[in-house]
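Asks: Here you go, one structure.
The values are calculated or read from the model by the stated rules, or taken from the named source; none is laboratory data. The structure displayed is predicted, hence computed values, not measured ones. Every residue, glycine among them, receives a Cβ derived from its backbone with ideal geometry; neighbour counts consider all protein chains shown.
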Amino acid sequence: MTTTTPWDDWDHILKIDPDKDLPEGVTYGDLCATGTDAIEIGGTMGITEEKMADVIEACAEHDVPLYQEPSSPEVVLEDDALEGYLIPTVFNAGSPFWITGAHKEWVRVDDDYDWDRTTTEAYIVMNPEADVATYTEADCDLDADDVAAYATVAERMFGQEIVYLEYSGTLGDEGIVRAAAEATDDATLFYGGGIHDYDSAYSMAQYADVVVVGDLAHDEGVEAVRATVEGASDA
Ligand SMILES: CC(C)=CCC/C(C)=C/CC/C(C)=C/CC/C(C)=C/COP(=O)(O)OP(=O)(O)O
Ligand SMILES: O=P(O)(O)OC[C@@H](O)CO
Ligand SMILES: [Mg+2]
């Protein structure tokens, strides 16, 4: 049986980008077997329904919970193999479209929501070089106090269950991750960005509840991902 907030028990998420290849000889099954607690399928650029569906199908037969993380309403897929939907909302986006606008459009055109399986992730986007920062015109010029305040607003004022500190592509500032951790109480803090080995996973997982590993799976493969699972669970 699944609980309503299974991420409370997670240490590690593997984020698979349907637009990126896997290293030679690596299968989705291998990645599912790294010991990660869950797989999130998503990416910012070049995501199509077809690519999404292929990855879901390839992961579905393996024993790890699968979540879709759509970057736009168009790529949301209804699929029984999915445990649920983690829908980003970017708290420091430059345009309200990425805070509530895309969500409004989604709800306007669809009429068959599975709210029990849908949860938002309150993103704070920190790396101005990342596609996600350009895409959402995020204001990444934030210090530890700003980040802590956003995290508090997300948790206390907007009732967010998940706060996601996103450094996509680069390893974050430990002091800032710590500030976000101290600011969150009930919410689960996800950290993602630049985790590439045991030590980087361990250092971020000291503060974050869950670490998210992305590009490493596409660039390095299974052993590297497995080391991050160990780092996250040891912390
Ligand atoms: C309302 C619905 C269904 C969707 C809207 C969802 C929103 C607000 C999306 C904004 C962008 C976002 C937060 C996407 C999530 C995935 C993500 C952060 C991927 C990683 O981004 P990068 O690492 O910058 O991109 P690439 O690795 O694809 O280059
Ligand atoms: O690709 P990396 O840098 O591991 O980032 C992971 C994830 O937070 C991206 O959304
Ligand atoms: Mg990326």
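Asks: Hey, does segment 30-40 have a residue that's within 12 Å of ligand 1 (Cβ to nearest atom), under 30 Å from Thr134 (Cβ atoms) and either of a type in the set (Gly, Ala, Ser) or in contact with a helix residue (DSSP H, G or I) (Cβ under 9 Å, 6 or more places away or on another chain) (or both)?
Replies: Initially, segment 30-40 is screened for residues within 12 Å of ligand 1 (Cβ to nearest atom), giving 40.
Imposing the further condition that a residue be under 30 Å from Thr134 (Cβ atoms) reduces the set to 40.
With the extra rule that they be either of a type in the set (Gly, Ala, Ser) or in contact with a helix residue (DSSP H, G or I) (Cβ under 9 Å, 6 or more places away or on another chain) (or both), the set shrinks to none.
Checked segment 30-40: no residue is within 12 Å of ligand 1 (Cβ to nearest atom), under 30 Å from Thr134 (Cβ atoms) and either of a type in the set (Gly, Ala, Ser) or in contact with a helix residue (DSSP H, G or I) (Cβ under 9 Å, 6 or more places away or on another chain) (or both).
Asks: Also, quick follow-up: Report the residue count in segment 26-37 for those that are touching a residue at least 40 places away in the same chain (Cβ under 8 Å) and either out of contact with any His (no Cβ under 8 Å at 6 or more places or on another chain) or among the charged types (D, E, K, R) (or both).
Replies: 5
Asks: Further question: Just to be sure I understand, how many residues within segment 190-213 are under 22 Å from Glu161 (Cβ atoms), buried (at least 24 other Cβ atoms within 10 Å of the Cβ) and not β-branched (Val, Ile, Thr)?
Replies: 6
Asks: Could you tell me whether Ala232 is touching a helix residue (DSSP H, G or I) at 6+ places or on another chain (Cβ under 6 Å), within 21 Å of Thr89 (Cα to Cα) and buried (at least 22 other Cβ atoms within 10 Å of the Cβ)? Can you show your working first?
Replies: Values: touching a helix residue (DSSP H, G or I) at 6+ places or on another chain (Cβ under 6 Å): yes; within 21 Å of Thr89 (Cα to Cα): no; buried (at least 22 other Cβ atoms within 10 Å of the Cβ): yes.
For Ala232, the condition - touching a helix residue (DSSP H, G or I) at 6+ places or on another chain (Cβ under 6 Å), within 21 Å of Thr89 (Cα to Cα) and buried (at least 22 other Cβ atoms within 10 Å of the Cβ) - is not met.
Asks: Continuing with the same structure: Assess whether Pro70 counts as being within 16 Å of ligand 3 (Cβ to nearest atom), free of Cβ contacts under 8 Å to residues at least 60 places away in the same chain and closer than 29 Å to Tyr198 by Cα. Quick ask: steps written out before the conclusion?
Replies: Details: within 16 Å of ligand 3 (Cβ to nearest atom): yes; free of Cβ contacts under 8 Å to residues at least 60 places away in the same chain: yes; closer than 29 Å to Tyr198 by Cα: yes.
Here the answer is yes, as Pro70 does meet what is asked.
Asks: Moving on to the next point. Does Glu155 satisfy being in contact with a Pro (Cβ under 9 Å, 6 or more places away or on another chain), surrounded by 14 or more Cβ atoms within 10 Å (Cβ to Cβ) and modelled with pLDDT of 95 or more?
Replies: Numbers: in contact with a Pro (Cβ under 9 Å, 6 or more places away or on another chain): no; surrounded by 14 or more Cβ atoms within 10 Å (Cβ to Cβ): yes; modelled with pLDDT of 95 or more: yes.
Here the answer is no, as Glu155 does not meet what is asked.
Asks: Another one. For segment 20-33, check the following and say yes or no: at least one residue is farther than 27 Å from Ala227 by Cβ and over 15 Å from the mean Cα position of the chain (by Cα). Talk me through it step by step, then tell me what you get.
Replies: Taking segment 20-33 as the starting set, the residues that turn out to be farther than 27 Å from Ala227 by Cβ are none.
No, segment 20-33 contains no residue that is farther than 27 Å from Ala227 by Cβ and over 15 Å from the mean Cα position of the chain (by Cα).
Asks: Given the criteria without any contact (Cβ under 8 Å) to a residue 40 or more places away in the chain and within 16 Å of the chain's Cα centre (by Cα), does Val90 qualify?
Replies: Numbers: without any contact (Cβ under 8 Å) to a residue 40 or more places away in the chain: no; within 16 Å of the chain's Cα centre (by Cα): yes.
No: the conditions fail for Val90.
Asks: Then there's this: Met52 is checked against (1) more than 26 Å from Ala201 (Cα to Cα); (2) within 15 Å of ligand 2 (Cβ to nearest atom) and fails just one. What number does that condition carry?
Replies: Unmet for Met52, out of (1) more than 26 Å from Ala201 (Cα to Cα); (2) within 15 Å of ligand 2 (Cβ to nearest atom): (2).
Asks: Considering only residues that are more than 16 Å from ligand 1 (Cβ to nearest atom) and under 28 Å from Ala183 (Cβ atoms), which ones fall in segment 207-227?
Replies: Within segment 207-227, Tyr207, Asp209 qualify.
Asks: Mind checking whether some residue in segment 102-123 is closer than 23 Å to Ala187 by Cβ, part of a loop (DSSP other than H, G, I, E, B), more than 16 Å from ligand 2 (Cβ to nearest atom) and among the aliphatic types (A, V, I, L, M)?
Replies: no
Asks: Right, next: May I ask you to verify whether Thr152 is within 16 Å of ligand 3 (Cβ to nearest atom), under 24 Å from Gly94 (Cβ atoms) and β-branched (Val, Ile, Thr)? Outline the logic, then answer.
Replies: On the way: within 16 Å of ligand 3 (Cβ to nearest atom): no; under 24 Å from Gly94 (Cβ atoms): yes; β-branched (Val, Ile, Thr): yes.
No, not satisfied.
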